[in-house]
Amino acid sequence: MIRIEPEAWKEMVRHAEATFPKECCGVMIGAEENGARRITLAVACRNAYEGDQKDRFHIDGRDQVAAERRARELGLDVIGYFHSHPNEDAYFSSTDLKHSWPWYSNVVMSVRGGVFSHAKSFIANDDQTAAEPEDLHY
Amino acid sequence: MAKVLIPTPLRQYVDKKDSVDVTGSTVGEVLTSLTTQYPDLRKNLYTDEGKLRSFVNIYVNDEDIRYMSKDATSVAEADTVTIVPSIAGGF
Ligand SMILES: [Zn+2]
């Protein structure tokens with residue numbers, strides 16, 4: 001189960017809509033207790049994918065380093081990542097799976113016509129051959 | 001000692017620590033110290049051929065070592081080495 005607190009969620013939707021029709025991406029920061037994850041801070045990151053970003057993203061590593069630093073300053077952890085699917089449903093694609101890491105929550109946000117539509121969260125297994133949907137609250 | 005920041009998924013291999021202080025004057029030496037101390041970490045960072053995995057990026061402070069001297073990038077006492085997961089996707 002993952003719960004995204006209102007301030008963090010607002011930032012994720014803002015970033016996803018502002019980046020449309022390109023894919024957005026970012027880092028989710030919070031804490032995990034007894035398997036329940038709570039996101040209190042979302043950090044919008046630059047999409048460093050070189051090419052058409054309407055259906056691709058690659059989180060800028062420098063932004064991840066900055067987010068990691070911020071999480072530690074707050075006594076929190078990087079719990080996962082988010083990205084958007086412009087004019088596409090929120091599902092975990094094979095490309096998403098291939099370029100993910102295990103353990104993390106991956107929130108995928110569908111944005112249609114520039115407006116947020118729906119979101120889902122997924123966790124990849126250790127060898128990145130499958131991802132399980134995760135109960136997402138926002 | 002340089003400080004290595006461990007990303008959340010890999011902390012299970014380093015006694016749940018979020019950072020580890022290790023010796024070494026280059027990135028290669030620092031990571032060798034780290035994986036000698038915590039052998040379970042090795043397969044997560046390196047391929048069987050001993051190359052850094054493509055989805056693992058290493059930063060010294062704010063710099064990606066791929067654009068510096070890779071494994072030979074120097075690490076000073078006060079430097080922070082960050083293991084950064086490469087995260088991408090598309091549909
Ligand atoms: Zn995706």
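All of the numbers you see were taken from the coordinates with simple rules; none came from a lab. None of these values were measured; they are calculated from a predicted model. Counting neighbours? That spans all protein chains shown, and the Cβs are built from the backbone with ideal geometry, glycine included.
Numbers for the structure displayed
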| read-out | value |
| --- | --- |
| Highest-first arrangement of A:108-114, B:62-68, where packing means the average Cβ count within 10 Å | A:108-114, B:62-68 |
| Shielding by partners, peptide A:90-102 (average Cβ within 10 angstrom, other chains) | 4 |
| Kirkwood-Stokes translational diffusion coefficient of the protein assembly as shown, alpha-carbon pairs, 4 °C, 1.567 mPa s, µm²/s | 72 |
| Peptide-level mean, for A:57-65, of C-beta atoms on other protein chains within 10 Å | 6 |
| Calculated [θ] (222 nm, deg cm²/dmol) that DSSP helices of n ≥ 4 give over chain B, each run adding -39,500 (n - 2.57) | -4500 deg cm²/dmol |
| Long-range tail of P(r) for the range A:18-138 (Cα pairs > 22 Å, %) | 31 |
| Radius of gyration, Dmax [chain B; alpha carbons; angstrom] | 12.5, 43 |
| Long-range lysine pairs (8 or more apart or interchain), the protein assembly as shown, Cα under 14 Å | 4 |
